[in-house]
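Derivation of every value follows stated rules applied to the coordinates shown; laboratory data play no part. Everything quoted here is computed from the prediction, not taken from an experiment. Note that each Cβ is placed from the backbone with ideal geometry, even for glycine, and that neighbours are counted across all protein chains shown.
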Amino acid sequence: METDNSSTNPSIYHSQKIISCIINPAARDGQSIKTWETVKDKIEKEGLATELFITERVGHASEIAYSLRNRSDIKVIVACGGDGTVHEVSSGLRGSKIPLAIIPAGTGNDVARVHGYISDDLDNIIDIIINGVDRNIGALRIE
């Protein structure tokens, strides 16, 4: 698992909660990385720290999210990818109090669209990540 604690200001990193991003680098033929870089720069200009976790295989986003689910220093976990990435991250966070935000960077982005994200409006996405209102969404598992 690759991690990039990319906050440029260590005092911010230690004094405020972190925005953690779990990204699928294969989403939208690699465009997810470029999208995250743009979002990250704007978030950090707002004085918030970020950290990045890059998935390496199917199921990895779930594992990463599960490992982060009890950290008290995280403000929000962002799933950057498509519906599959969002599904994996939300599965790993099930039962956690940490909110989930989405950077829609997949092909369909149905889950993001249903929850008010506009794929090509990065300012809206950043506003949701920073200022969004938490709401509980039920989880269901069908086998």
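Can you name every residue in region 22-73 that is touching a helix residue (DSSP H, G or I) at 6+ places or on another chain (Cβ under 7 Å), basic (Lys, Arg) and not in a loop (DSSP other than H, G, I, E, B)? Hit for region 22-73 is Lys42, nothing else.
When we screen Gly95, Gly106 for residues that are part of a loop (DSSP other than H, G, I, E, B) and under 14 Å from Ala27 (Cβ atoms), the only hit is Gly106.
Looking at Ile102, Ile23, Ile77, Ile54, can you tell me which residue is touching a residue at least 24 places away in the same chain (Cβ under 8 Å), farther than 20 Å from Arg135 by Cβ and surrounded by 23 or more Cβ atoms within 10 Å (Cβ to Cβ)?
Numbers: Ile102 fails: farther than 20 Å from Arg135 by Cβ; Ile77 fails: farther than 20 Å from Arg135 by Cβ; Ile54 fails: surrounded by 23 or more Cβ atoms within 10 Å (Cβ to Cβ).
Selected residue: Ile23, the only one of Ile102, Ile23, Ile77, Ile54 that is touching a residue at least 24 places away in the same chain (Cβ under 8 Å), farther than 20 Å from Arg135 by Cβ and surrounded by 23 or more Cβ atoms within 10 Å (Cβ to Cβ).
Do we have any residue at all in region 119-142 that's in contact with a helix residue (DSSP H, G or I) (Cβ under 6 Å, 6 or more places away or on another chain) and part of a loop (DSSP other than H, G, I, E, B)? Checked region 119-142: no residue is in contact with a helix residue (DSSP H, G or I) (Cβ under 6 Å, 6 or more places away or on another chain) and part of a loop (DSSP other than H, G, I, E, B). Being under 11 Å from Ile22 (Cα atoms) and either among the acidic types (Asp, Glu) or buried (at least 17 other Cβ atoms within 10 Å of the Cβ) (or both) is true of Glu88.
Answer yes or no as to whether Ile77 is in contact with a Leu (Cβ under 6 Å, 6 or more places away or on another chain) and not in a loop (DSSP other than H, G, I, E, B). Yes.
When Ser67 is tested against the conditions (1) surrounded by fewer than 13 Cβ atoms within 10 Å (Cβ to Cβ); (2) among the hydroxyl-bearing types (Ser, Thr, Tyr); (3) under 17 Å from Gln16 (Cα atoms), the lone failure is (3). Based on this model, can you work out whether Ser32 counts as more than 21 Å from Lys17 (Cβ to Cβ), of a type in the set (Gly, Ala, Ser) and crowded, with 18+ Cβ neighbours inside 10 Å? So Ser32 fits the description; yes.
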